[in-house]
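Structure first, then comments.
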Amino acid sequence: MYYASMLFQYMGQYLKTRMQYRADMVVELLSDFMFQAANLVFILVVFGHTQVLSGWTRDEIIFIYGFFLVPFAIFASFFNIWDFNERYIVKGEMDRILTRPIHSLFQVILERMELESLFGAITGFIVMGYAAFRLDLSFQWYDLFIFVLFVLGGALVYAGIFVSLASISFWSDAKTSIMPMMYNIGNYGRYPVNIYNKIIRYILTWILPFAFVGVYPSAYFLKKSEWYGYAFLTPVMGIVFFSLSIFIWNAGVKRYRGAGN
Amino acid sequence: MGKYIEMIRIRFLMMLAYRTNYYTGILIYSINIGAYYFLWSAIYGGKENIQGLSISQMITYVAVSWMARAFYFNNIDREIAMEIKEGKVAVELIRPYHYLGMKTMQALGEGIFRLVFFSLPGMVIVSFIFPLQFSTDVSTWGFFALSILFSFIINTQINLMTGMLTFFLFNVDGLMRSKRVLIDLFSGLLLPISFYPLWAQELMKWFPFQAISYLPSMIFTEGFKGQEVVEAILLQALWAVILIIPIQIMWSLAKKKMVIQGG
């Protein structure tokens with residue numbers, strides 16, 4: 001309860017600071033939107049030249065992309081920790097975090113929130129809606145709950161991977177470019193896994209499970225029953241990977257010695 | 001002229017000091033190329049060729065586009081915007097060189113560095129992993145070299161203009177991000193221009209973007225032949241000349257309009 005109230009307090013403050021520079025925020029939202037549209041244009045143009053992509057049609061791929069945007073938006077809003085190493089370890093900010101009476105990871109999340117990324121979810125809904133309409137998809141009442149579950153699962157998969165990577169900084173504070181690299185690998189999850197070779201498919205499923213953010217959960221809504229097993233693993237993978245990352249984080253915090261004075 | 005060459009050299013040495021950052025950069029580009037490799041393989045399926053490009057030409061196109069991007073890409077729009085915001089540009093203006101010329105030379109130093117330490121080794125590594133198709137024709141390589149030089153010039157000119165917009169708009173962060181997306185999409189980095197629907201191709205003819213990535217990559221993959229190669233380079237040269245006009249106009253307006261806050 002205390003944590004929830006902290007979250008809303010921070011959100012309120014955050015909105016105030018953003019509202020100070022409205023024009024800047026609008027332009028930023030527009031550029032985010034353009035970025036999402038560019039990926040869509042890619043899919044649209046490619047399907048001007050082919051009917052199916054390893055058994056997936058144009059609208060199915062568009063649906064996957066739309067779905068992907070929703071968990072990714074949640075992740076991007078709350079787990080903006082790609083520069084954790086420089087911001088907190090190298091500058092010694094972690095010392096300040098550790099004196100606060102809430103869990104250190106939660107504190108970092110609160111400080112680095114970027115709520116405007118949530119608008120990406122709206123784009124996601126529009127894209128999914130368009131694809132669902134074209135595909136004539138039908139939904140049951142319980143699909144809503146499954147959707148929420150899958151979205152949370154996907155966001156947790158992303159969060160788990162990035163929190164684990166951020167925790168590496170507790171052991172080695174050398175600057176690495178592993179985070180931007182991971183963002184690029186994450187893009188692999190936007191397309192059906194069966195276009196990749198076996199090794200990459202295995203990695204995307206079990207080691208860096210980005211496939212659980214896009215293609216697997218979408219397969220359920222697209223009624224691709226051969227992928228149902230993977231689809232329903234989504235929340236499980238999310239919880240497993242996120243718990244694992246918290247475990248690594250806590251172990252890291254214990255080892256943390258502080259940098260500088 | 002000597003001082004400008006010195007600027008290239010200094011920037012090159014500066015980049016050299018931080019070269020380890022670039023090894024992971026090569027890996028990132030390889031990952032991107034890998035994603036498109038699988039995607040394009042699936043898109044081609046059994047097809048022999050799409051829009052005159054075979055699958056191996058397409059993979060080569062993707063690889064060379066990304067590696068060429070390392071050469072022509074630079075952040076001088078961001079640097080100019082920063083210097084204007086911080087008021088540093090006032091000091092730059094009283095120095096005995098042309099501010100925009102100095103920025104261009106710095107960008108060139110950076111570009112040459114990336115060409116030597118990023119694009120060339122990157123291309124070698126990528127060619128081991130993916131089935132690329134290199135031309136054996138020396139003239140193709142010569143035309144390609146000329147062509148990416150023009151890519152650099154045109155991209156830098158666009159960056160100069162974007163950076164200079166800060167004089168008029170004060171904050172162009174969002175605009176710079178949008179510009180980057182636009183260039184990736186409309187320059188042909190993500191998709192060859194010939195893949196777009198015809199109306200879009202017609203429209204893009206009127207913009208300089210395709211001269212940045214599409215034209216050099218098509219020359220490299222030999223998607224263009226004979227007369228087309230020469231026409232492509234002439235088109236690039238034309239754009240490089242045309243873009244000087246808005247730059248000059250903006251620059252003279254900016255000098256009049258400039259407000260330095262603090263400093």
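Each reported figure results from applying straightforward, stated rules to the coordinates on display, with no laboratory input. Keep in mind that what you see is a predicted model, and the values were worked out from it rather than measured. All Cβ positions, even for glycine, are placed from backbone atoms using ideal geometry, and neighbour counts span all protein chains on display.
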query = Quick one: putting +1 on the C-beta of Lys and Arg, -1 on the C-beta of Asp and Glu, what dipole do you get for chain B around its Cα centre, in Debye to the nearest 20?
reply = 780
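Counting each DSSP H run of 4 or more residues in the protein assembly as shown as -39500 (n - 2.57), what helix-only mean residue ellipticity at 222 nm follows after dividing by all residues, to the nearest 500 deg cm²/dmol?
Numbers: 24 runs with 365 residues, N = 524.
After summing the helix terms and dividing by residue count, I get -23000 deg cm²/dmol.
Using the beta-carbon distance between B:ILE31 and B:LYS256 and R0 = 41 Å, what value does 1/(1 + (r/R0)^6) give for FRET efficiency, to the nearest 0.05? List each step's numbers first, then the result.
Details: r = 47 Å, r/R0 = 1.15.
According to the calculation, E is roughly 0.30.
What does the extension gain come out to for B:ILE245 and B:ASN171, with contour length at 0.36 nm per residue minus their alpha carbon separation? The partial results should precede the final answer.
Numbers: separation 74, 0.36 × 74 = 26.64 nm, distance 2.34 nm.
Taking 0.36 nm per residue and subtracting the Cα distance, the gain is 24.3 nm.
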task = Order by neighbour count: A:ILE246, B:ILE50, fewest other Cβ atoms within 10 Å first, most last.
result = A:ILE246, B:ILE50
Whole-Hz ³J(HN,Hα) from phi, Karplus 6.51 cos²θ - 1.76 cosθ + 1.60, for segment B:241-254, glycine and proline x = 6, 4, 5, 5, 4, x, 5, 4, 5, 4, 5, 6, 5, 4
request  = Would you calculate the separation in nanometres between label points at A:ILE126 and A:PHE139, each defined as 7 Å from the Cα along the Cα-to-beta-carbon direction?
outcome  = 1.8
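Arranged from highest to lowest average of other beta-carbon atoms within 10 Å per residue, in what order do the peptides B:78-84, A:248-254 appear?
Details: B:78-84: 19.7, A:248-254: 15.4.
The packing order, highest mean first, is B:78-84, A:248-254.
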message = Please report the projected area of segment A:138-192's Cα convex hull averaged over all directions, in nm².
response = 5.0
ask   = What number comes out for the charge environment of A:ILE248, summing +1 per Lys or Arg and -1 per Asp or Glu over other residues with Cβ under 13 Å away?
value = +2
key: Student exercise, chain A dipole from Lys, Arg, Asp, Glu Cβ charges, in Debye to nearest 20   = 480
remark   = Unit-weight point scatterers at every alpha-carbon of segment B:2-257, Debye formula, q = 0.08, 0.16 1/Å: log10 I(q)/I(0) is -0.33, -1.27
Neighbour-count ranking [beta-carbon atoms within 10 angstrom, fewest first] of B:THR166, B:THR140 = B:THR140, B:THR166
key: With eigenvalues of the C-alpha gyration tensor scaled by 5 and rooted, chain A, Å   = 33, 21, 18
request  = Quote the relative contact order of chain B in percent (integer), defining contacts as alpha-carbon pairs under 8 Å separated by 6+ residues.
outcome  = 28
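Using the Cα centre of the protein assembly as shown as the reference point, and only Cβ charges (+1 on K/R, -1 on D/E), how large is the resulting charge dipole? Debye, rounded to the nearest 20. Provide the component values of the computation, followed by the final result.
Numbers: 39 positive and 31 negative charges, 203 e Å.
With only Lys, Arg, Asp and Glu charged at Cβ, the dipole is about 980 debye.
How well do other chains shield peptide A:27-35, expressed as the mean number of their Cβ atoms within 10 Å of each residue Cβ?
Numbers: counts 9, 4, 1, 4, 10, 4, 2, 8, 6.
Across A:27-35, the average partner-chain Cβ count within 10 Å equals 5.
For B:LEU182 and B:SER127 in one chain, what is 0.36 nm times their gap in residues minus the Cα-Cα distance, to one decimal in nm?
Between B:LEU182 and B:SER127, full extension yields 17.0 nm more.
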key: Dipole axis of segment B:2-257 (+1 Lys, Arg; -1 Asp, Glu on Cβ), positive-most option in B:ILE249, B:PHE170, B:TRP40   = B:PHE170
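Over all distinct alpha-carbon pairs, what is the Kirkwood Rh of segment A:191-237 in angstrom? Walk me through the intermediate numbers first.
Numbers: mean 1/r = 0.0954 Å⁻¹.
One over the average 1/r among Cα pairs gives 10.5 Å for segment A:191-237.
Mind checking the mean number of beta-carbon atoms from other chains within 10 Å of the Cβ atoms in B:44-56? Can you show the working numbers first?
On the way: counts 2, 5, 0, 2, 0, 0, 4, 2, 0, 0, 0, 0, 0.
The shielding value for this peptide is 1.
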query = Got a sec to turn the phi values of segment A:126-138 into Karplus ³J(HN,Hα) couplings, 6.51 cos²θ - 1.76 cosθ + 1.60 with θ = phi - 60°, whole Hz, x for Gly and Pro?
reply = 5, 4, 4, x, 4, 5, 5, 5, 5, 8, 6, 6, 10
note = Of the candidates A:ILE246, A:LEU233, A:TYR220, the farthest towards the positive dipole end of chain A (Lys/Arg Cβ +1, Asp/Glu Cβ -1, centred on the Cα centre) is A:ILE246
query = How large is log10 I(q)/I(0) at q = 0.22 Å⁻¹ when the Debye formula is applied to the Cα atoms of segment A:122-261, each weighted equally and without solvent?
reply = -1.37
inquiry  = Can you give me the long-range amide H partners of A:LEU53? Hydrogens built in the peptide plane at 1.01 Å from N, cutoff under 5 Å, separation of 5 or more residues or another chain.
reply    = none
query = How large is ³J(HN,Hα) for each residue in segment A:41-52, as worked out from phi by the Karplus curve 6.51 cos²θ - 1.76 cosθ + 1.60 (θ = phi - 60°), to whole Hz, x for Gly and Pro?
reply = 4, 4, 4, 4, 5, 4, 6, x, 10, 8, 8, 10
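Over 41 Å, how big is the tail of the calculated P(r) for the protein assembly as shown, in percent of all Cα pairs? Each step should come with its number before you reach the end.
Details: 34955 of 137026 pairs.
Result for the distance tail: 26 percent.
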task = Could you work out how far apart the two model spin labels at A:SER5 and B:GLN51 are, taking each label as a point 7 Å from the Cα in the direction of the beta carbon, and quote it in nm?
result = 5.9
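Take every Cα pair under 8 Å in chain A that's 6+ residues apart, average their separations, divide by the length, and report that relative contact order as a whole percent. Don't skip to the answer; put the middle values down first.
On the way: 300 pairs, mean separation 66.1, N = 261.
Rounded, it is 25 percent for chain A.
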query = With each pseudo-label sitting 7 Å past Cα toward Cβ, what's the A:PHE119-B:LYS3 distance in nm, one decimal?
reply = 4.4
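May I ask you to sort B:MET58, A:MET19, B:MET176, B:MET161 by Cβ crowding, counting other Cβ atoms within 10 Å and putting the fewest first?
Values: B:MET58 24, A:MET19 9, B:MET176 20, B:MET161 17.
Ascending Cβ contact count within 10 Å gives the list A:MET19, B:MET161, B:MET176, B:MET58.
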query = Structure shown: which of A:LYS198/A:LYS223; B:LYS88/B:LYS179; B:LYS103/B:LYS255; B:LYS3/B:LYS103; B:LYS85/B:LYS255 lie over 18 Å apart, alpha-carbon to alpha-carbon?
reply = A:LYS198/A:LYS223; B:LYS88/B:LYS179
